[in-house]
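To keep things clear, I will list the structure first and then write my remarks on it.
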Amino acid sequence: MPQHAAFLTARVRGARVLAALAGAFALGCSLLPGVANAGSEAQAASKQPLTVSVLVSSRQDVCHDPGDVGAIRKLVGEAREQINLRGGIAGHPVEVEFLDDKRDKALTASNIKSVLKNESALALIGLSNSNNAKHVFETIGNDIKAAAIPFMSDLSINSLFAEYPTVFTTRASQDDERLPVMLEFLKQSKAERIAFFGLADQVFSTSLGDGLKAALGEKLVADRRFALAEDKLNPDHVKLASEEVKQLNPDMLVVSVGSSRTAEVMKLLTEASAAPPLFLTGRIDSLPPEVAKAWPNHIYQLAWDRLPDIYNDRMLRRVTASPPADWVFEGAKIAAAPGWAKGECKERDGDADPEPLSSANMRAIALGTQYADMLGLIAAAASSAPPNSSVKERRAHVVDQLRTTYAAGRGIYQGAFENWSFRPSSRAASRNPFIVRQPRGLGRTQLASLQFVRLKNDNLRVVRTLYLDIDMIRIFRVDDNEKSFFAEFHLSMNDGGKGVAIDQIEFANAFLDPRTNDRRVTVRTLSTGESNAAYPDGISIYHVAGQFMFEPTLGDYPFDTQRFTIDIRPKQGDAPFIVQPPPMEMRDRAVLTDGWDARAQFVGYDEDFVQTLDARTHESSVIPFYKASFSWLMNRETTDYYLRVVVPLGFILIVAYLSIFIPLSHFEAIVTIQVTALLSAVALYLSLPKLDADTTTLSDRLFLFNYLAVSLMIGISILRMNGVVAEHKMLRRVLGWAHVALIPLLVLAMAYYVHKASLVAM
């Protein structure tokens, strides 16, 4: 089982047990954080509902569900609930309707037209297929313009909606982002002669080919657009084009024929003995492994979210904190898919553990959270309108906010996993793409050495990829109250000789000494990368030690899992870099710790930002930068807790329980023993180290249960001695049974509770 799958499976087992038993003891609702005051914090949304329509496209043509629609439905629904708990939109509850077009362009247009007729409809969300979008704007474009409804699409071709001022997109513009980055990369790579393979009848591919032709001119030595017949390429046409590529021998071949058809093109190129470097518009990881690995040259692609061996850090934090089953969307069998009847589909292992962090499932999660962020953005923009605004006025206000408050470089909406802003000129999301490559002979993808970020003057600046690894030696002196730990590790990095030095790196979560305003980190150079007999050439190696901060979550203490990170970011804004770690299977996961067991390791990235406001001009600005987090998930060792807490509490309960077998004539002795047991449990609790937690811990709940059990013994003992009770024979029997049988059952349940909770730490 993969490392992360095993970890997450352990967590879900423990979580289910904790939830079930907390309910059985009637403690969960009263003790878990946030439940008691949730009602007081939530504002009642009592006004007329506002509807946000979400366009989705289910599939029946693939063997297994890609999970996109399921992720969108679940995560958008959760976002709606959170918005309504906070009072909705100025007191208006938000309703969400999902409209499935089943990838049919006529149905897409029909769904949108029905929304435009709804006077309570605040906004539209969705629409990702460029061909369907072209049909929509050609057939009902005037209706969209007349309705003036905010339309948050998912299109990359912003020219499709250029005439419709209320339509925006959360995709990066092909004209503003994709094409300029590709052209700058070709320029920096000194690729002078470019060839293009595309599709004749597809909007996306045609737009890219036309853009390359206009920008490159004579440098575009071949431009071939293939027609599709029943959604398939004509092999003869591709063979002729491949022969032409062989003769021309271009420096780069750009392929935009769809991910499912790219492998066929590569096979035909190989047969023609043509193997130039490829730049794909699809995903390298969607290629059959045997095709990708066999390609004798570099392969490139653009990526915005899923990066090689790196997770979105915000996504990682949330996914690893929840049961895995809650985050698995991809993989369900689609029985109606034609591939099953043709024998092209294969069954999956039904006994496999859920894999929320698989590449395919992470794409579904990313899309679902993107749509959830769209809803959150619409709600945030609409909430700032004047209180008594009509639906029509709120529509106009949302559009204005997207153009101004959330304009690129001026302001952002901080979503669940990403930050969102839009370019006023194109109304497309401002998102810097990453260049991913599979180097010749490597067989796996990584970030290319050259990356690009857009400056405020719209020029592109080169950013170097820093190939970096951290070999953690030990983590020690973990302080939950101070929220810090000490770490010692080796850091190795290779930037291709471009001059990224250790003094340009900031350990962002290193403890900041208030006296000196310096990070509590010491760095010792082991190798500068120069040729020597002891260390590899070209790799700078450092020994790093220091104190670092973390954010403990103590609800499951002492059977808790904590996340210890080393956060790395550029020290100066004029010397940016992006971190690429080695593959997970190649990292050293042997870590020495005091009182902790290492369970898993991840590397995450996040786009952080500096937001400023010029007090003189009142101009706001947002300066983004990337940081990488090397994370170790660790379980607290519990042997000491068992010896110091669980065992003594067990003996306290046993002594208190045995006292009930003393004859009632010795009532004073019985109550004395039981009260002493209660006070002993309280004294034991007070003797433990105090945790500065914002919530009740599992340990707290364990003691509270002990107090409950002993108090119940005391109460039953008193009732049995009561004169009124003594006159009711049946009541005396019930109380006696409760003393003898109920208490042991509760104690056994508690023991089971503790045992199952401890499985998370094993």
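Coordinate-derived values only; no laboratory data. Worth saying up front: this structure is predicted, and the values here are computed from it rather than measured. Glycine gets a Cβ as well: all are built from the backbone with ideal geometry, and neighbour counts include every protein chain shown.
Once you have the Cα-Cα distance between LEU455 and LYS483, take 0.36 nm times their residue separation minus that, and quote the gain in nm to one decimal. Numbers along the way, then the final one.
Details: separation 28, 0.36 × 28 = 10.08 nm, distance 3.64 nm.
Here the segment from LEU455 to LYS483 would lengthen by 6.4 nm.
In this calculation the C-beta distance from ASP400 to ARG524 is compared with R0 = 51 Å, giving a FRET efficiency of 0.40.
Taking only C-alpha pairs under 8 Å that are 6+ residues apart, what is the relative contact order of the chain in percent?
Details: 1353 pairs, mean separation 95.9, N = 762.
Value for the chain: 13 percent.
Hull volume per residue, based on the alpha-carbon atoms of the range 639-761 and their convex hull, is 112 Å³.
For LYS346, the lysines whose Cα falls under 20 Å of its own Cα, not counting residues fewer than eight places away in the same chain, are LYS333.
For the range 464-636, DSSP calls about 90 percent of its internal beta bridges antiparallel.
Among the listed options (i) 54, 34, 26; (ii) 63, 25, 22; (iii) 48, 29, 25, the one matching semi-axes √(5λ) of the Cα gyration tensor in Å as calculated from these coordinates is (i).
How much length, in nm to one decimal, is gained on full extension between TYR642 and ALA669, taken as 0.36 nm per residue of separation minus their Cα-Cα distance? Intermediate values should be presented prior to the final figure.
Numbers: separation 27, 0.36 × 27 = 9.72 nm, distance 2.96 nm.
Going from the current span to full extension adds 6.8 nm.
Sparsely packed loop sites in the range 322-394 (the GluC sites (Glu not before Pro) outside DSSP H, G, I, E and B with at most 10 other Cβ atoms within 10 Å) comprise GLU344, GLU347. Taking amide H as placed 1.01 Å from N in the peptide plane, GLY496 has no amide H partner under 5 Å among residues 5 or more places away or on another chain. The DSSP beta bridges internal to the chain are antiparallel in roughly 65% of cases.
Taking 0.36 nm per residue of separation and subtracting the current Cα-Cα distance, fully stretching the chain between ARG474 and GLN48 would add 147.6 nm.
Phi angles of the range 116-129 translate, via the Karplus equation with coefficients 6.51, -1.76, 1.60 and θ = phi - 60°, into HN-Hα couplings of 4, 7, 7, 6, 8, 6, 8, 7, 10, 10, x, 6, 10, 7 Hz per residue; Gly and Pro are given as x.
Sequence gap at least 6, Cα distance under 8 Å: using those rules, report the relative contact order of the range 316-384 to the nearest whole percent.
Numbers: 24 pairs, mean separation 26.2, N = 69.
Over the range 316-384, the number comes to 38 percent.
Please give the charge dipole size of the chain, origin at the Cα centre, charges +1 on K and R Cβ atoms and -1 on D and E Cβ atoms. Round to the nearest 20 debye. It works out to roughly 700 debye.
The peptide list 528-539, 593-604, 653-664, put in order of mean Cβ contacts within 10 Å with the highest first, becomes 593-604, 653-664, 528-539. Sequentially through the range 246-263, phi angles give Karplus couplings (6.51, -1.76, 1.60; θ = phi - 60°) of 4, 6, 7, 6, x, 6, 7, 10, 8, 10, 9, 10, x, 4, 6, 9, 5, 4 Hz, Gly and Pro residues having no value and appearing as x. At an R0 of 25 angstrom, the distance between the Cβ atoms of TRP340 and HIS237 translates into a FRET efficiency of 0.25.
With 32 Å as the limit, the listed pairs LYS102/LYS246; LYS213/LYS456; LYS134/LYS219 have LYS102/LYS246 beyond it between alpha carbons.
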